[in-house]
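Take a look at the structure set out below.
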Amino acid sequence: MDAAVGKLATIDVAIIALYLVGITILGTWIGRFIKDDEDFFLGGRNLPWWAIGMSMVVSDIGALELVGVAGMAYTYGIGVANFDWIGCIPAMVIASFIFIPFYWRSKVFTVPEYLGRRYNQFVRSLVALIWGVFFLFMLGIFFYTAALTMQVLCGWDLWFSVILVASAVGIYTYFGGLSAVVFLDSIQCVVLFIGSGLIMVIAMVKVGGWGNLMDTVHAMGPQFKHHFQLIAPADSTTPFAWSSVLFGLAFVLSPAYWLGNQAIVQRNLAARSEYEAKKSVLWGGFLKLFIPIILVGPGIAGVALHSGLEKGDMIFPTLIHELLPPGLVGIVFAAFLAALISSVDSYLTSASTLWTKDIYQQFIVKDASPRHYMKVGKALIIVFVIIGISLAGLAEKFGSVFGYMQTMLSIFQGPLLSIILLGLLWKRATGKGATTGLILGVMTSSTLFWLKDGLFTAPEPFLYIAWWAFLVGFFTTVVVSLLTKPEPDEKLEGLIYSRVVEKNTAAEGGAA
């Protein structure tokens, strides 16, 4: 069965247009208060915890997850819910009490900037390049995902939709800066919950409830026997066997994402205080409890309602077109646009920050004014929108856009996590160790990716790849660090968790 192509009713177009015009005006108005690079990249370090937490959630799930998670649930089952329940909440709790307060106290702009202080400038530049390039590829995926949905709902040409979406979001981000991103994301978080919840409820009513859905799907054949298993057996042919979820997701990709992803951490760096930085992550973790319900539900229901789709990623736009009456389509599509905008503005802002602060300021113009770096960051947003459009076609080469994103993350996040953990928790880790561990780890994951068909039985083994790349990066960093000269104590001041704790304890004891 092919996805139907529809045309939006007048009321839906009006709702979407009103929504887009409203957030664009609000974002531009907030942008009037931006004066320098700290305002543009970090909101003047004066953003409230509740807005940061909501922004983290909506930026993480985004349009890619609305389409991609529903698509993965359609193809493989509810195991994809682990990417929120196991893949977010435990790591967010750890981040809130250890890593985020530590980053905030360091007063850095980026995670690579911290790694540069802890190790050396080569590590900083390499990590910045890795994340910077990744963000550009992800922009292409976001544009493609949005265009795919618009093609189904509106019947518009795919590339016309790509250019339309990219242009609209690029203009909004150019004027908004991080302050506009965070405050508008909090609004978009509400819209997203309402819109996604609507389609989930209507889809479940259509299939006759959860019990009837399970009976219907199980009766469709043995290929669906694992569709309702949250944790599949180790020999499962899905990407969500218990071994991959535990080692690849819980131990590697989840903490790597929440502890080292610039697009996430950048918001916490903009909090008003260390205490509010902690609260923002815990608030986001609470909201994350409800995300799998509104994202996975439609994908599972779609198996019973529209079996046989050529690509699982088509199920979300197909359900919108088939189930919702005029008016509700506009609301749900506004939720989709909210997710899209929150993802794109996050990645645009973070990519601009990385390339401006970690590359441009370090190697091209070192001592310019804060306003100069703000202007450079804005100019890069325009460049990155153009690059994102040119990369949008790559998403068509993967079975699912969610699998594409996770595959790309699995290539470098494991090694990156290893040097972040060792750098923060082990004083003996050295710059040469981190450099070697990061490079060999990425080489390992890249090799495993190209040889995956002969090494793994899972159809998309990115979780296993992440685990093995993490181990290589971790042990390589340890071995090389022990064979090289230790970093001087004065360099590590304020950069090692244990030493900061000891210093704070001593200060409290002296005060007593």
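Summary table below
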item: Filter result for THR407 (over 21 Å from the mean Cα position of the chain (by Cα) and either part of a helix (DSSP H, G or I) or of a type in the set (A, V, I, L, M, F, W, C) (or both)); result: no
item: Residue check, LEU471 within 18 Å of SER410 (Cβ to Cβ) and buried (at least 23 other Cβ atoms within 10 Å of the Cβ); result: no
item: Selection count where residues are buried (at least 24 other Cβ atoms within 10 Å of the Cβ) and either under 12 Å from GLY299 (Cα atoms) or out of contact with any Phe, Trp or Tyr (no Cβ under 7 Å at 6 or more places or on another chain) (or both), scope segment 89-98; result: 0
item: Output for segment 229-253, where each listed residue is touching a Gly at 6+ places or on another chain (Cβ under 7 Å), modelled with pLDDT of 75 or more and under 16 Å from THR407 (Cβ atoms); result: LEU249, VAL252, LEU253
item: Residue in segment 450-461 that is assigned to a helix (DSSP H, G or I) and touching a residue at least 24 places away in the same chain (Cβ under 8 Å) present; result: no
item: Boolean, GLY22 is small (Gly, Ala, Ser), more than 22 Å from the chain's Cα centre (by Cα), within 22 Å of TYR275 (Cβ to Cβ) and in a helix (DSSP H, G or I); result: no
item: Selection from segment 424-460 of residues that are surrounded by fewer than 21 Cβ atoms within 10 Å (Cβ to Cβ) and in contact with a Lys or Arg (Cβ under 8 Å, 6 or more places away or on another chain); result: LYS427
item: Scope segment 293-323; condition of a type outside the set (Lys, Arg) and surrounded by fewer than 22 Cβ atoms within 10 Å (Cβ to Cβ); matching residues; result: ILE293, ALA304, LEU305, HIS306, SER307, GLY308, LEU309, GLU310, HIS321, GLU322, LEU323
item: Identity of the residue in segment 180-215, touching a residue at least 60 places away in the same chain (Cβ under 8 Å) and farther than 26 Å from ILE141 by Cβ, that ends up surrounded by the fewest Cβ atoms within 10 Å (Cβ to Cβ); result: LYS206
item: Of the criteria (1) modelled with pLDDT of 95 or more; (2) exposed (fewer than 15 other Cβ atoms within 10 Å of the Cβ), which one ASP489 fails; result: (1)
item: Matching residues in segment 246-256 - criterion: being surrounded by 23 or more Cβ atoms within 10 Å (Cβ to Cβ) and either under 15 Å from the mean Cα position of the chain (by Cα) or among the aliphatic types (A, V, I, L, M) (or both); result: LEU249, VAL252, LEU253, SER254, PRO255, ALA256
item: Some residue of segment 18-28 being touching a Ser or Thr at 6+ places or on another chain (Cβ under 6 Å) and modelled with pLDDT of 80 or more; result: no
item: Residue match in segment 59-75 (condition: touching a Cys at 6+ places or on another chain (Cβ under 8 Å) and surrounded by fewer than 19 Cβ atoms within 10 Å (Cβ to Cβ)); result: no
item: Filter result for the condition that a residue is at pLDDT 85 or above and of a type in the set (A, V, I, L, M, F, W, C), over VAL191, VAL205; result: VAL205
item: Positions within segment 440-463 being farther than 15 Å from VAL478 by Cβ, hydrophobic (A, V, I, L, M, F, W, C) and touching a Gly at 6+ places or on another chain (Cβ under 9 Å), in sequence order; result: VAL442, PHE462, LEU463
item: Subset of segment 361-404 [of a type in the set (S, T, N, Q), modelled with pLDDT under 85 and either closer than 20 Å to SER350 by Cα or assigned to a helix (DSSP H, G or I) (or both)]; result: none
item: Sole exception among (1) touching a helix residue (DSSP H, G or I) at 6+ places or on another chain (Cβ under 6 Å); (2) over 26 Å from GLY330 (Cα atoms); (3) surrounded by fewer than 24 Cβ atoms within 10 Å (Cβ to Cβ); (4) of a type outside the set (A, V, I, L, M, F, W, C) for LYS35, by number; result: (1)
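The values are calculated or read from the model by the stated rules, or taken from the named source; none is laboratory data. In this text, all values refer to a predicted model and were calculated from it rather than measured experimentally. Note that each Cβ is placed from the backbone with ideal geometry, even for glycine, and that neighbours are counted across all protein chains shown.
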